[in-house]
Structures are given as structure tokens and as C-alpha cells.
Amino acid sequence: MSGQPDDLERAVEATLFAAEQPMTALEISAHLGGAAVGDTLATLAQTYAERGINLVERGGRWHFQTAADLAHLLRREKEEPRRLSRAATEALAIVAYHEPVSRAEIEAIRGVQTAKGTLDVLLEAGWVRIAGRREVPGRPTIYATTPEFLTHFGLSSRRDLPGIEELRAAGLLDPVEEAFAVLTGGEDGDTGAIDPSGGEDAD
């Protein structure tokens, strides 16, 4: 962009800078009296592409974030307040790759029972949401990921999730390689829902 930014660019920039969470283009537009902001967002994203902070879109929501190559400068030495357990990590991966999915379906893939607290942790973290109920006997609750999940892991959409070979190369499949293989075997990109087993109990 050459010259000085126009009033709309400055307004969009200020709105996103002050926002407490990522915003959709529709939300930004509503905040600015219905202004058309699509082209402005694209312009600002290009303007900030080589800066210390970038304007990015994740799952349809826009926000500023530290440039990836500078993230190490801002990392704190202390660990994150919450570390996911192995069970929660496996459950999150299963939801991400096969949403919407019920607890019984998660358990079928993991091969062990999943404690209610495991899913509660993911719900509290804002990475998983309740997506309704499966229309089968017992009407079990089904779960899906959230825009916050995409933002936290730097994904534009679920299509950006790594494939089985990428996970294996990164050493991320041990000790849950079989679960991931079942999840991604014979499929690519965005997977469909697992066929629910008959007589599944409600969550």
C-alpha cells in the first residue's frame, strides 16, 4: 500500500487492535456501521505481511498475531498454565479429524473409556464445543472443534490439519499411532462422520 492509509483502513485496524478476540468480517462491518471491509482486510493483511505482527484470518475470523519467525522472542520460560493429558490430547485429535463425533465414537477409536472430565477440559479450553445430538437411539451428544482451536494452532481451516505421513515424520504418533491410522486411513483432508454403532448410550 502506498501513501497514507484511508479512514476505513485506520478504523478496521483500530477495531481489530482493541478487540478482545478474533472477529469475522461481518462483525467488523457491523461495528463500523455496515462498511464493506473485505478489500480493506486484504489490503491490511498485505501491509502487515512483512512486519513484526501480521494480520491473519483463521476460520473466518481476523486478528493480529506475532510474526511466526519472531515468536521465540516473546515466549515465556514458564510452562503453559494447563497441559493436556495424553487422554485429552488423543480426544482432541479425534474430534479434530472426525468431527462431529460422540464420546462413544471417541472411545471406539481410542480403545478405552473416556472420562467425562477429559472432554470438560477441552470444552473449558474453548477448543471443543457441543455440536448437538446424534439422531440415533440414546441421542448421544456430539462434539466439534471451535474457531479458537484453529486460532490456537495457527490453522485457517481443518483442511490444514497435518496428514498421517506428516504426523509420523514429526514423531507425533507415538503412543497413539493406531488411533490416528484408524482416523485417517483411506481418507484425505476433511473426513466425514463415523457411522454410529447401534444402541449407543447418551452422553
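Things worth noting here:
- Extension gain (nm, one decimal) between Q21 and L73, 0.36 nm per residue minus Cα-Cα: 16.5 nm
- Accessible area, probe 1.4 Å, largest first, for residues V136, V12, V112: V112, V136, V12
- Under the simplified labelling scheme, the R10-E135 pair shows an inter-label distance of 5.3 nm, with each label point 7 Å from Cα along Cα→Cβ.
- Approximate shape of the stretch 1-160 as ellipsoid semi-axes (Cα gyration tensor, √5λ), whole Å, largest first: 36, 20, 12
The values are calculated or read from the model by the stated rules, or taken from the named source; none is laboratory data. Predicted, not measured: the structure shown is a model, and the values here were computed from it. Backbone-built Cβ (ideal geometry, glycine too); neighbour counts: all protein chains shown. These accessible areas exclude ligands, DNA and RNA; they are computed on the full protein's heavy atoms, side chains included. Shrake-Rupley method; radii C 1.70, N 1.55, O 1.52, S 1.80 Å.
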